[in-house]
Structure formats: C-alpha cells, structure tokens
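Encoded as structure tokens, the structure appears first; notes follow it.
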Amino acid sequence: MSNMVFDKGGVYISNLANNAEQLGIGQYRFPFNFELAGKDFTIKAEDGEYDISFICGRELEFRGKKYPYECQKLEKTTYFILFSSIAGVVDLGQGYITLIDGDKYISGPVCPCAEGKNAPACAGDDMVGTYVSWILGCGRFMTQEFSAPGKCVVSWSPREGDRDELDCRATKIKGPIYLVDIRGPVRTGVCAPFFTDRVIMLQDYDHMMTVGCVMGKGFDPISVAGYAEFLN
Amino acid sequence: MNLKEYPRPHYAINQFTQPHCTELCGKKFHFVMDNGFDVDLDFTGPDTVNWSIGGSEPKEATYECLKGDETTYLVDYDVRETLDTDHRTNHLFVIDLEQRLVTKVICSIGDNPRFPYLVKSEYDFGAIETEGHELTFIRHCFTTDMVGTRVEWHWNTSMRTHHNYFSAPFYRLTWPEDSSSEDEIGEPFQFLPSHDEVSRYIKIKDKMYLYCLTEELQERVLNGKCPFRSNNMIFLQNYERMRHVGRTFGSIEIKGKVVPCRTLFGAFGNPLELPEKELTAYNAFTV
C-alpha cells in the first residue's frame, strides 16, 4: 500500500516514504530479537540471587512469575530487555545482567565467564560534556546534554529549545556502551507521551545507536530505538 | 569526556548497521524454487551454514543475517570455494517466515570478459517447505510499487543520501550539500554523465521491499577510473518504520590492487522533497 501524492508534474504518483506518525517515538524500534529464547540465568546480585528464564522469544519468567517481554539487540552480545515495568541489559559477552525495577538496580554476574571481566559500574563523569540528539523517528527526537555527573539537560522535539535539567543515572556496561536512566517529566506538546517520567536507554557511542524504552503513568512502556547526531 | 571524541573507527555506510542475528542457528530450511533447483540451508552455528542447491553436495559457508522485521531475515554468504578467485559468488536470501516465502539472489563476479569486475545478479522466487502446511502458490515478486518513492537515508552521524526511485529499471542518487557523502562516495560522479544506476525492485510484503542496486553503468563508463568498481547493494527496506538493512558485494581498488568490497549496512529514513532540477534531470544512460 502506498500513499498517493500529487506530483509537481500534475499526475498522481505513489510514494512509500512516510513519517510513520502512527508509531510515534517507537518508529525506529529495531525488530524484536529472539536469541535469548531458551536461556536461563541466575543473577548473583549483592542482595541475593534472582532467577530469570527466557521461556521463548516472547515470554520470560522472573522470580517465579511469567511476563511477556520485548528484546532489542544493540550489539553482538548485548541485549536490552523490557518486561512489566522492568528494563535491563543482558550482556552475554561480559556475563552480566543488569535490571532496573523502579528505584532498585539488580546487577550481577550470571555465568562463570564473568570472572575477571568488568562489572557494570557507575559511569561517573565519563559522559559529561556529551551533547547528542537521539532521533527516534521522522522528526521525533530527544536531546541529551550530560552536564554533570548525575545530571542531564534534556528536551524533546518539537520543543527542542525548551530544555530541562533532570536526574540521570548512567552505568557503564562496557567499552562505549552506557545504560542511561533519566527521570523527570516532559513538557506538553512534545513527541513523548505527556505522562512520561522516565527514559531508559542503552547507548552505543561507537555505532551511535540506541535501544531503550520510555515509561510513565497511564501507558505501557514504549520500546524505542534510534540514531544520534552530535550537537556540539 | 565528550563521547564525540571516542576513538571510533571511520564509518561510511556501515555505522548504523544492526548487529548480526543468530536466531536461525539450529534451523533447517528446504526452499522449493521456481527455477526447479531447490535450496537447502542448514544453519549449523551462529555464523555457519551448510548450503546445497539442486541436490548438490552440501558446502559450508560463513553467513551474515539481518532482520527486516520480526519474521523476515536477510541472509547472505560468499561461496567459500570462490573466495580469492576472479569468480567470487555470493548467495543472498530473504527468508520470510510469516508468509513462508523466499527470494534468492545469486551475485557473481567474473562473468563478463570485457568488464571482469561487473556483478551479475540472478533472481528466483520460491516457497519454504513447512510441515503441516501446503506449499503456497503466492510469491515475492518484481514490482513497480516503489516507483515514485523518494527517501533521505541517514547512514552515519554525518552522511545522508537521497534516493529517488523514479523508474522500474533505474534509481537516482544525490545528496544534500551538508552531508559527508561527497567525500565518501562522490568521486565517481565527477566523471559520470548522470546520477542514475541500474535497479531491481521486489515486493516482499505490504510495506516491505527488496531494493537491488548494481553499480553497472558506473563500471561500464569508468572502468577503473575511480577506486569503486562494480558493487551490488541489496536493501531490505521497511516502509512501515522507514529503515533498511542490507549488504554490499563487489570490488574496490586500494593501493593499486582490486580487492573485495563487502560490508553490512543499515540506515534510517525520512520522506524527502527533491528540487525540480533533480526530478527532471535527464537520465543520460538511456535513449
């Protein structure tokens, strides 16, 4: 199916290109990935052990309860997962899983291969000075300026001039890959849902792509993906 | 640290490439092809596949796999026995598990005695044999659906190109002035009479197309006057989400030696308004 446009030559021609407005900020989301299907892990976190089983490509079991889940693959061995209101990173290369459940971070090794590898850790001031726009769809983007450790100045299109400093927790997963967790409201009239209060992104500063989710009250978390443009 | 300064490698069209997908590992397929030479693919590992065409002895290859959507895979591999020869061959498949359909493209180099680097492409369509289901008679197919479509593709943080799919056998490539495209891919166009190139368009499903481009006119006209030799680029384009994934197969001259040019790529798209002069420019390669 194609949308028909009136061409300057005076005839109707087809044009498959479109803004995908119906998909909103979820437009550029990657195809869901099913590689974790059939894998079981025990996260050895500081406060105990957490079992997570990927029953199939669409359903997982966490601490004895089943949930539908979504998974996007960002890098050869690194996956972003989203289920219920829990988001996280499965890093099969380093052998670690990090889950964000409300205010709680559950992080730990999941296999002997993690021994000797770097655990996910606070990014400190790694990202300070970085100023990027993450383009999530046609004309739909979020700007992020990491102004200080724990702080990020953000804006959303089409009100990219209206910037707000929000709390941000950044975790270095490995190399140039960071898990960024930004909490705070959005302004009215932007491309994110009005009740958005949290954005969690796994960001790759080598390939300059991100996968993640947008959360808030009154709507199901939205899986997103996109690419970056530097703004400074 | 401003992560803009992160010491990343130089990327041209491959920065926004999605990671290789290993979901097909452990799966076996039998494709019933319209040309009568059926294909068997046995994905034996995360990047190895045993392939057989027309009942031939299975051979192992190293494959690449990208996803166009949840159930549509772009799989390709170079035939190992042809590597390091003048007759390299690449097999590419669009494996469509939703409709149980397949498109096969076999690309080869070295068939044309006058232009030894020219890529020749052969297309065939078929159905995936699936237990419990009758073979379907519908097929992926060549199409003119895309004619009239114009897209700005974002390949990396600084490179954008404009694709104008203006006729069934051709497309036109331009780029905005502030894109790094001029530096990355602009050289051959200084010597070419127009920005048009040979194309094939295949419909995979609603809003998903396989766009196949071969740098054939460029090779015929320039024949070694620039480093880029004939390349075949195949894009699996998702117009629901306005993005594509794909691969190149061809040759490039580096330090006086012609070597394989192979990469995976991906890009994000935007609708595009083109200036009148680009829309009405003459295709200098046609009568």
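Side notes on the structure shown:
- C-alpha center-to-center spacing [region B:47-93, region B:108-175] in angstrom: 17
- Globularity index of region B:162-251, i.e. its alpha-carbon radius of gyration over 2.2 N^0.38 Å: 1.12
- Residue (of A:Ile97, A:Leu36, A:Pro112) at the positive-pole extreme of chain A, dipole from beta-carbon charges: A:Leu36
- Dimensions in Å of region B:28-134 - Rg and Dmax from alpha carbons: 14.2, 50
- For region B:85-156, the ratio of Cα radius of gyration to the globular rule of thumb 2.2 N^0.38 Å stands at 1.49.
- Gaussian network model of chain B, Cα within-10 Å springs - most flexible of B:Gly266, B:Gly224, B:Gly68: B:Gly224
- When B:Met33, B:Met1, B:Met233 are arranged by Cβ crowding within 10 Å, least crowded first, meaning fewest neighbours, the order is B:Met1, B:Met33, B:Met233.
- Counting all C-alpha pairs of region B:76-222, share separated by more than 28 Å (%): 32
- Ratio of Rg to Rh for chain A: 1.01 [Cα atoms; Kirkwood radius as inverse mean 1/r over pairs].
- Contact order relative to length of region A:83-124, as percent, for alpha carbon pairs under 8 angstrom and 6 or more apart: 31
- Relative to its Kirkwood radius, the Cα radius of gyration of region A:122-230 gives an Rg/Rh of 0.93.
- Going from the residue with the fewest nearby Cβ atoms within 10 Å to the one with the most, B:Phe93, B:Phe166 rank B:Phe166, B:Phe93.
- Scaled against the 2.2 N^0.38 Å expected of a compact globular protein of N residues, the Cα radius of gyration of chain B reads 1.01.
- Note on the protein assembly as shown: dipole from Cβ charges, positive end direction compared against B:Pro188, B:Val221, B:Thr174; the farthest Cα belongs to B:Thr174.
- Overall, the protein assembly as shown carries a charge dipole of about 380 debye about its Cα centre when +1 sits on the Cβ of Lys and Arg and -1 on the Cβ of Asp and Glu, all other atoms neutral.
- Kirkwood hydrodynamic radius over Cα pairs of region A:78-121, then Stokes diffusion coefficient at 20 °C and 1.002 mPa s, in µm²/s: 201
- Average beta-carbon neighbours from other chains, 10 Å sphere, peptide A:63-75: 1
- Binned Cα-Cα distances of region A:40-118, short to long, each 10 Å bin given as a whole percent: 19, 57, 23, 1
- Dimensions of the protein assembly as shown from C-alpha coordinates, computed as largest minus smallest value along each principal axis and given longest first, are 70, 53, 47 Å.
- Taking every residue in A:29-36 and counting other chain Cβ atoms within 10 Å of its Cβ, the average works out to 6.
- Whole-number percent relative contact order across chain A, with pairs defined as alpha carbons under 8 Å at least 6 apart: 16
- Taken residue by residue and averaged, Cβ atoms of other chains lying within 10 Å of the Cβ of B:4-12 number 4.
- Taking 0.36 nm per residue of sequence separation and removing the Cα-Cα distance, the B:Val32/B:Asp183 pair yields an extension gain of 49.9 nm.
- What the pair-distance distribution of region A:66-199 shows, using all Cα-Cα distances binned every 10 Å from zero, is 12, 38, 37, 12, 2 percent.
A short reminder: the numbers here are calculations on the coordinates, not readings from a lab. Here the structure is a predicted model, which means the values were calculated and not measured. Because the Cβ atoms are built from the backbone with ideal geometry, glycine has one as well, and the counts that use them run over all protein chains shown.
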